Amino acid sequence: MLDTLAGGCSSPVRSGWSIGEKPFVQSRGAGAYAFDEGGERYIDYIMGYGPLFFGYANSALTAGLDELAARGVLFGSTHAEEGRLARRIRAHIPSMERVRFTTTGSEAMMSAIRVARAFTGRSLIVRFAGNYHGHFDAALFSAGASAQTTQPGRTGIPEGVMQDVKVARYNDVESVDRAIRGREDELAAIVVEPVCANMGLVPAGKDFLKGLRGRADDTGALLIFDEIIMWPRAGMGGAQTAYGIRPHITAIGKVLGGGFPIAAFGGREDVMAVLAPDGPVFTGGTHAGNPFSVAIAHRVLDLLEGHPEYFAQTRELAEHLAAGIRASFARRNLLYNVVHLESIVDFMFHDREKYSAYYRAMRERRILLPPSQNEVMFISTAHTLTDIDETLAAIDESLGEVGNRALDAT
Ligand SMILES: Cc1ncc(COP(=O)(O)O)c(C=O)c1O
C-alpha cells in the first residue's frame, strides 16, 4: 500500500529507519491515543513531534470547522485576523516586534536566516551540532532529529552552501569562537535552539545563551532563537523569557497551530524591515497566513491564555513520568540520565540497538514512542495520570525484557 510513497513515508523519521523498525501505520488519533490500522489503541508520546499539546482532535480546536471552512480556507489577500494574531504573539514574546507567518517551521527558520544575512550584509552563520531547524540546505549538515546529513555532496547540499555555515558545539561558547576565528567580520547570525529537543532534551546553560548574545553583539551579528519546539512549552514567553535572553529574531511553530500547519518568525522592527515590500528581501508563500490556520492559531492562544493550569498539569505528569523512569533505572542499577523540562521527558541509551529493542518492547505493550533516540517524549493536556502509570509499568517491563538481551549501562 505504501510502495508508491518515496521511501514509504512523507518524512523519514516516521519510517522507523533510524532504528531498523517497521513504520507504525496510524489510522486515527483521539486525545492522548494513536490507533493502528487494526484499531488497537496506543498511548502516544510522539504527539505529532510536538504540535499536539492539546492532544488529538481537541474539540476546542475542531468544533465548527465546517463553518470556518465555509468562509474560505485560503485568501490571496491580507486579512485582519493575521494582524490580530501577530499582536497576540508579540504580547507574549515582546522580542517579536514584527511578525511574518509561514506554513512550516523550516520556512520560518530559512527566512529568519535570510533576513539576518540581508540585515547584516554578511553570509556566515554558526549553528550547533544536534540542533534541528528544518530541511533546507544550510540547516541540515550535522543536524539533530532524524536528519542524516553528515556527508554533504552526496546529500544534495552544495559544498558551496557549507562554506558559509559553521557548526559549533552546543553549550560551548568557545567552540563558537573557534568556528568563526578569522571570519568574525563575516558573521551574520548565530542560530540556536535555546533548549535543544532534537538530540534528546538538552537545556542550554544560562551562560551559554548569554555568551551567544555577547558574541553576536561583539561581532555585529544577530542571534536567532529557534523556539519552534519550546514555545509555548517553556512558557508563554518562550525559553527566551525563561532565560532572560533577548534574541534579535525568533521562530515559532508546532503548538502555534495545534496540529494545523502554521509557523512564524519575527524580530526587531528595524531587522524585519528588510522584508519586502519595506525592504529588498523576499519571503512569502501561497498558504502563508491563510485564514483557516490563523483562526486555529487564535483558538490555540485562547486555550493557552484561558487555561494557565495546563502548564502545571503537564509539568506534574512529566515529573511523575521522569521520577518513575528514574526509579526503574535505579532498581536495575542503570545510570541513564532522565531529563525533563515542563511537558517534555527524555533519556538516552548509549546505542541505537538498545533503543530499538526498547522501542519494540514498548510498542508491543501499546505505548508509542518516537522511532529515533534523538526525539523526545511529549506530554499533552490529554494525557492522564492513569496513562502515565500504565506507561511506567510498560517501561519497567520493557527494561526487564530488553535487559536480558541488550541492556547494560556503559
Ligand atoms: C526546533 C525545530 N526547528 C524547526 C523545525 C522544522 O519545522 P517543520 O517540520 O515544521 O518544517 C523543527 C521540526 O521538528 C524543530 O524541531
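The values are calculated or read from the model by the stated rules, or taken from the named source; none is laboratory data. Keep in mind the model is a prediction, meaning the values are calculated, not measured. Cβ coordinates were reconstructed from backbone atoms using ideal geometry, including for glycine residues, and neighbour counts include every protein chain displayed. Only protein heavy atoms, including side chains, enter the accessible area calculation; ligands, DNA and RNA are left aside. Shrake-Rupley method; radii C 1.70, N 1.55, O 1.52, S 1.80 Å.
In the stretch 47-71, the residues that are in contact (Cβ under 8 Å) with a residue 24 or more places away in the chain form Cβ pairs under 9 Å with partners that are open to solvent by less than 20 Å² (accessible area, probe 1.4 Å) and among the basic types (Lys, Arg), at six or more places apart or across chains, as follows: Gly50/Arg233; Phe53/Arg233.
Could we say that Thr120 is farther than 23 Å from Val294 by Cα and among the polar types (S, T, N, Q) here?
Numbers: farther than 23 Å from Val294 by Cα: yes; among the polar types (S, T, N, Q): yes.
Here the answer is yes, as Thr120 does meet what is asked.
On the basis of being touching a Ser or Thr at 6+ places or on another chain (Cβ under 8 Å), open to solvent by less than 50 Å² (accessible area, probe 1.4 Å), among the polar types (S, T, N, Q) and in the same structural domain as Met377 (by TED's automatic domain parsing), does Ser328 make the cut? No: the conditions fail for Ser328.
Quick check on my filter: what residues within the stretch 213-234 are over 30 Å from Leu304 (Cα atoms), in a helix (DSSP H, G or I) and open to solvent by less than 10 Å² (accessible area, probe 1.4 Å)? Result: Ala216, single match. Considering only residues in the stretch 1-31 that are within 16 Å of the ligand (Cβ to nearest atom) and open to solvent by 90 Å² or more (accessible area, probe 1.4 Å), the one that is modelled with the highest pLDDT turns out to be Ser10. Each residue in the stretch 241-257 was checked for being within 14 Å of the ligand (Cβ to nearest atom) and part of a helix (DSSP H, G or I), and 4 pass.
For the condition within 16 Å of the ligand (Cβ to nearest atom) and polar (S, T, N, Q), what is the one hit in Ser123, Ser59, Ser111?
Working: Ser123 fails: within 16 Å of the ligand (Cβ to nearest atom); Ser59 fails: within 16 Å of the ligand (Cβ to nearest atom).
The conditions single out Ser111.
Please tell me if Gly238 is surrounded by fewer than 24 Cβ atoms within 10 Å (Cβ to Cβ), in contact with an Asp or Glu (Cβ under 6 Å, 6 or more places away or on another chain) and on the phi > 0 side of the Ramachandran plot. No; evaluated as a whole, the condition is false for this residue. Selection of first residues in the stretch 196-212 that are not assigned by TED's automatic domain parsing to the domain that holds Ile245 and within 12 Å of the ligand (Cβ to nearest atom) and of second residues that are part of a helix (DSSP H, G or I) and open to solvent by 10 Å² or more (accessible area, probe 1.4 Å), restricted to Cβ pairs under 7 Å at least 6 apart or on distinct chains, gives an empty result. When you go through Ser111, Ser142 one by one, which is the residue that is in contact with a Phe, Trp or Tyr (Cβ under 7 Å, 6 or more places away or on another chain) and of a type outside the set (Lys, Arg)? Sole residue among the options that is in contact with a Phe, Trp or Tyr (Cβ under 7 Å, 6 or more places away or on another chain) and of a type outside the set (Lys, Arg): Ser111.
Against the numbered list (1) away from the ligand (no atom under 16 Å from the Cβ); (2) open to solvent by 60 Å² or more (accessible area, probe 1.4 Å), Val99 comes up short only at (2). So is Ala322 loosely packed, with under 15 Cβ neighbours inside 10 Å, modelled with pLDDT of 95 or more and not assigned by TED's automatic domain parsing to the domain that holds Val255 or not? Taking the combined requirement at face value, the residue does not satisfy it.
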